[in-house]
Each structure stands twice: as structure tokens, then as C-alpha cells.
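Please treat every number below as a calculation from the coordinates, not as lab data. Computed from a predicted structure; not experimentally measured. Heads up, the Cβs are rebuilt from the backbone with ideal geometry, glycines too, and the neighbour counts pull from every protein chain shown.
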Amino acid sequence: MALEKLGFKEIMYKKIIVGIVAVLSLFILNYLLETFDIAFAAAVLFLVLMYSIMGMAWNILGGYGGVISFGHGVFFGLGAYIVMSLWLFYGLTPWIGIPIAGICAVILAGGLSILLRLRGHWFALATIAMIYIFLLLFQAYAPGGAAGLQAPIVPPEKQLYYLAFAGPYFYVYLALTILIIEIIFLRKVVNSHIGYYLQAIREDEDAAKALGINPFKYKLIALLISAFFWGIAGGLYTVRFRFVDPYCVFDLILISEYPVIAALLGGLYEFWGPIVGTVIFVPIAEYLRAQVVSAFPRYYGLHYFISGIIFLILIYVAPEGILGRLRERQYLKRFKIRSGNSNLKLKNRY
């Protein structure tokens with residue numbers, strides 16, 4: 001028992017050290033990009049971090065809970081509009097608007113929780129319908145309508161107050177900070193009884209019910225957590241690009257499906273899977289978009305086609321995801337830990 005605890009502590013110390021090194025490396029990388037004014041790479045780095053926030057949040061519901069959603073863009077879009085509306089109409093700083101966006105996304109998720117009564121592909125189809133419903137509603141009734149909303153020019157003395165900075169560099173630091181907070185929080189969640197119950201529901205919902213687990217309750221908890229961080233990501237999008245319209249923030253592919261693709265690519269049942277998948281998928285997609293679209297302007301969408309081929313190849317090579325493939329080849333190992341609520345040994349998913 002003592003040796004097992006000692007080994008677990010050593011593993012945790014190593015993970016903490018690796019995490020600190022990774023965070024410092026990203027800060028240094030962004031500083032170098034800003035120093036040498038490499039804006040495109042910094043912009044891609046920001047997108048990697050933003051999609052990582054979304055992918056990690058989606059994975060708590062889709063990966064751990066087994067509830068596949070393609071409509072999380074409704075929370076992202078709502079968060080984006082909340083921050084922009086508070087900024088334009090009330091002069092409220094995004095420092096306050098972004099947390100409010102997350103809270104509003106949670107309230108919306110509570111209202112949509114009735115969809116959790118659906119199982120399997122019916123829930124997935126319902127979420128796709130929701131993204132189009134919200135797209136049409138915001139196009140018709142949201143401030144700015146189909147034309148969207150544009151943030152005003154901010155004087156230099158109020159740049160920090162409104163988070164209005166030139167270039168992507170400041171927003172990389174902001175997104176990285178949010179991602180770190182999210183990782184710490186989600187790590188606590190998946191190692192608590194909530195994470196174990198979600199995995200039990202994913203594996204066999206009827207068996208989980210027989211053990212006294214309330215599937216709807218824990219799916220709802222996962223949905224609320226997921227929605228909160230997607231609302232935060234929507235607010236982050238607003239302060240970075242300072243423009244929102246229904247077609248951008250409720251986009252089915254770029255907003256709702258990219259994080260799902262990243263989670264599948266990295267490893268659906270892995271804690272770090274969405275980040276690994278995002279680090280690989282988003283730079284490839286953005287490079288193809290920048291290069292292919294400029295080289296072949298007549299063939300709009302060709303970069304999606306090429307990205308899809310690359311993604312299919314990667315899925316064929318590693319159908320269980322990149323991390324799953326590495327574990328299968330024994331490049332990575334799973335460590336057993338003790339649950340505080342049970343004497344059973346449970347596999348640590350990260």
C-alpha cells in the first residue's frame with residue numbers, strides 16, 4: 001500500500017513538472033512570436049488554445065458520459081453575443097462579460113436538458129437541429145440581425161478594460177490561462193465520483209441505474225460544466241475578433257464539429273485527447289485554409305476536402321485515437337489509483 005501511494009505521488013510530481021514546463025514553453029513561444037511579429041503562427045496558437053478549451057469541455061459529456069453532441073455551438077454563440085451585447089449596449093468590460101457568458105450558457109443548457117432524455121443518435125440529431133434553430137432565431141431577432149455586431153474602436157487608455165489589443169498575442173495568454181483553470185477543474189471532476197459515474201453510464205446505462213446511479217442527473221451535470229466553458233470560449237472569440245454574426249458563431253462545422261473531430265483524433269476516452277487532437281488538427285486545417293484558398297480561390301472549400309482526407313487517414317491508422325494508439329503500443333501506461341469512496345482500484349484515464 002505504501003509503495004503504491006509513493007509511486008502515485010512520484011507520478012503526480014512528474015505530471016506537475018511536465019505541466020509547468022509545457023505552460024512556460026507556450027508563454028515563451030508566444031513571447032518570441034510577438035517579438036518577431038509572426039502573427040499567423042500566433043493566431044493559429046490562439047485557435048489551438050480556444051478549440052482546446054472547447055474540446056476539453058465537450059469531452060466531459062461526449063467522452064466520459066458517452067453523450068455525443070454536435071450542437072454545442074449554441075452555447076458558444078450565446079456566449080459570444082452576451083459579451084458583445086454587454087460591451088456595446090452597457091459598456092461592460094469583458095472581464096465581467098466573459099464569466100456572465102459562461103453563466104448564461106449554463107442557464108441555456110438547463111433549459112435544453114430535456115434533450116438528455118433522448119438516447120444515442122436521437123440526441124445527436126436533436127443537437128444538430130438546435131444549432132440551426134438558434135442560427136435562424138439570432139438571424140431574425142438578435143441585435144444586428146444577419147449583419148451581426150461590430151465592436152467600436154477603443155482608445156488606448158481603455159484597451160485593458162475592454163480587452164481590445166492589436167494582434168493575437170495578448171489573447172494567447174488569456175486563452176492559456178483559461179485553459180489551465182479548466183484543466184485543473186476538470187481533473188478534479190473526472191477523479192471524483194462524478195467522473196466514475198459518467199463512465200459507468202457510458203459503458204452501460206441500464207446497469208448504472210441498477211447500481212443506484214441517476215443517469216439524467218450526472219449527464220445534466222456534465223452538460224452544465226461543458227456549456228459553461230463553451231460560453232467562456234464564445235466570449236473569448238468575441239474579444240479576439242471583435243465581430244459576431246449568426247453565421248460565424250453558430251457555424252456547424254467550424255464551431256460545433258471541430259472540437260469533436262479533435263477529441264476523436266486525440267482519443268475520445270482520454271483526458272488529454274482533445275488537446276492532443278487539437279494541436280495536430282487545427283494547425284493543419286488553418287495552414288491548408290491559408291495556403292489552398294489563396295492558391296485556388298475558385299475552389300472554395302477545397303481545404304475542407306483535403307483536411308477530411310488527412311483526418312480519414314489518421315483515423316484509419318489510429319481508430320482509437322492517437323493516445324489510444326500510443327497506449328496500445330505501450331508507449332504510454334495507465335496507472336491504478338485508489339478511490340476515496342471505494343476500495344476498488346480504478347483506471348486513471350489520463
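General remarks:
- As a length-normalised measure over Cα pairs under 8 Å and 6 or more apart, the relative contact order of the chain settles at 27 percent.
- With a Cα cut-off of under 24 Å and a minimum spacing of 8 residues unless on different chains, the lysine pairs in the stretch 2-254 number 11.
- Mean residue ellipticity, 222 nm, helices only, the chain: the sum of -39500 (n - 2.57) across DSSP H runs of n ≥ 4, divided by residue count and rounded to 500, is -23000 deg cm²/dmol.
- Only Lys, Arg, Asp and Glu carry charge here, each on its Cβ (+1 for the first two, -1 for the last two); on that basis the stretch 2-254 has a dipole of about 500 debye about its Cα centre.
- Of ASP251, ASP204, ASP37, ASP245, the sequence from fewest to most neighbouring Cβ atoms within 10 angstrom is ASP37, ASP204, ASP251, ASP245.
- The distance between label points at ILE253 and LYS188 comes to 3.9 nm (points 7 Å beyond Cα on the Cα→Cβ vector).
- Candidates GLU203, GLU257, GLU157, ranked by Gaussian network fluctuation over the chain, Cα under 10 Å, top entry: GLU157
- For the chain, the alpha carbon convex hull comes to 155 Å³ per residue, rounded to a whole number.
- Each residue in TYR237, TYR247, TYR304, TYR196 was given a count of other beta-carbon atoms within 10 angstrom of its own, and listing them fewest first yields TYR247, TYR304, TYR196, TYR237.
- Size descriptors for the stretch 140-232, from the alpha-carbon set: Rg then Dmax equal 20.3, 61 Å.
- On Cα atoms only, tilt of 302-317 relative to the major axis of the chain in degrees: 10 degrees
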